[in-house]
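Novice: Okay, handing you the structure first.
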Amino acid sequence: MDAIKDRYRLVRRVGEGGAGVVYQAADALLGRTVAIKALHQRLAVDLLRGEGRSLARLNHPNVVSVHDLVEDRGRWYLILEYVDGCHLDQWLAEHGPLRPEHAVETFRCVARAVQQAHQLGILHCDIKPANVLVSVSGEVKLTDFTLAHLLAAGSFRGPGGGSAGYAAPEQMAGLAVDERTDVYALGALLRRLAGSLEQASEPPRQIEVTIARATAPNPEDRYPTVEAMLASLPDGNGQVTRLASCSTVSDLTRVDPITRQEKQPARVRWLALPTGGLAAAAVLASVAAFSHFTAQASPVRVTLPDLVTSQSRSAQLIVHSLALRDRLHRAYSPTVPSGTVMRQQPAPGPVLKGSTIDLVVSEGPRPVAVPDLRSMSQAAAVGALRRLGLKVAIQTEDSISHDSGTILGQSPAAQTRLLPGATVTVTVSTKPWYWPF
């Protein structure tokens, strides 16, 4: 992975599925956090190329964006936007189904992304909650176009497969697919978002009718397009487009977390004993006590990665995902971009679960106070500003009451705090052309 390692520093493996592995990485060139997706070597590279081409054609706020497609030693890697958060399955497990109006507005975000894909000749073919990411700010983004079908010669072509419960019957049977295939998956997604619609009011009834038609087994009975499906839903206020950020879930690793197998304390099992309840209780108490002391004697350790050069938010998420606590410290740096981790304590390596990790985060260059330049000579003023790392812009103004080259004014005013590299404009006196002295 030399081509990857030269630019991207892998932070951790955050997810693995049937198609491939996803890593979180730091882009050393642009100073940002990215996701790197690598297909399992048994799968055709055309899948990854196809996903990259599909994402590159899409430009939608609710679709994960693609940054690059990189080849390294015959293996291809997809460089994607990194979304801090969790997938919708995790979010719903924590928060439960949404209220009907909120479910519809959240659904619209995903459906409009699919609608744009269809307009560009792309079928997603794997729409499900696990492929909808929820960021820490509550935005939803559709991801994973591995199974996408592209329109060619009047028909959609692409890999087989799908997810049970969301893939349409014709897709599972390996038959021809079209826009109605994604409509089926969207109907199943809406059902998952809204949960059990037991209210008797009109909006829930409309949603139930929409779900029933969208998930009809026969494609001919479904909505012909995503647009038609959206038009059948009750009107909303259009304002509920963000979900509450994950709390419990956000402390876990992102996207199908992959964790090291750790030694777990012995589990207490209920035993069917012929003796009375008191004897059984005594046995259980003994097992529980043994489990407690075994766990106490074998503290769990996790491996802390190198967080230096990571963005502070990403570093915090990594720390939390390992069941560790973070403590931030701020410091100025003339060379490290603002928001980037400069130092960490302890160093990378094994640490006890629950430990506190100190992170020193850059605030960028230290601001400097603009000096009072009035009445100074031009040369003295320019020297004072340059020593502070500030740039100078000069404008002139005629004055018969000041010596030529004297500073008459400045902008911004004295004591204004600026970052090095900012410009201060000074007004320098000159004698009018008609002044003989």
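Novice: Please work out the FRET efficiency for the pair Ala173 and Leu328, using the Cβ-Cβ distance as r and a Förster radius of 41 Å; give the result to the nearest 0.05.
Specialist: So the FRET efficiency works out to roughly 0.15.
Novice: Right, something else. Can you work out D for segment 130-213 in µm² s⁻¹ from Stokes-Einstein, where Rh is the Kirkwood radius over C-alpha pairs, the temperature is 4 °C and the viscosity is 1.567 mPa s?
Specialist: My calculation gives 88 µm²/s for D.
Novice: Can you give me the distance in nm between label points at His320 and Ala414, each placed 7 Å from the Cα along the Cα-to-Cβ direction?
Specialist: 4.7 nm
Novice: Please work out the ratio of the alpha-carbon Rg of segment 85-231 to 2.2 N^0.38 Å and round it to two decimals.
Specialist: For segment 85-231, the normalised Cα radius of gyration comes out at 1.00.
Novice: Quick one: if you stick a label point 7 Å off each Cα along the C-beta vector at Arg213 and Ala379, how many nm between them?
Specialist: Here the modelled spin labels are 8.4 nm apart.
Novice: Plugging the Kirkwood radius over Cα pairs into Stokes-Einstein for segment 368-430, at a temperature of 25 °C and a viscosity of 0.890 mPa s, what D comes out in µm²/s?
Specialist: 214 µm²/s
Novice: Same structure, new question: Tell me, how many Å apart are the Cα centres for segment 132-173 and for segment 370-418?
Specialist: The two parts, judged by their Cα centres, are 62 Å apart.
Novice: Can you give the FRET efficiency for Arg7 and Ala231, using 1/(1 + (r/R0)^6), R0 = 35 Å, r = Cβ-Cβ distance, to the nearest 0.05?
Specialist: Numbers: r = 45 Å, r/R0 = 1.30.
FRET efficiency, Arg7 to Ala231: 0.15.
Novice: Could you work out the local net charge near Arg374, counting Lys and Arg as +1, Asp and Glu as -1, over the other residues with Cβ closer than 15 Å to its Cβ?
Specialist: Result for the local shell: -3.
Novice: Arranged from highest to lowest average of other beta-carbon atoms within 10 Å per residue, in what order do the peptides 156-167, 411-422 appear?
Specialist: Result, highest mean Cβ count within 10 Å first: 156-167, 411-422.
Novice: Continuing with the same structure: Set the Förster distance to 30 Å, then compute FRET efficiency between Ala93 and Arg157 from the Cβ-Cβ distance, nearest 0.05.
Specialist: 0.25
Computed from the coordinates by the stated procedures, all read-outs in this text should not be read as laboratory data. Because the structure is a prediction, the values reported are computed rather than measured. FYI the Cβ positions are ideal-geometry reconstructions off the backbone, even for glycines, and counts take in every protein chain you see.
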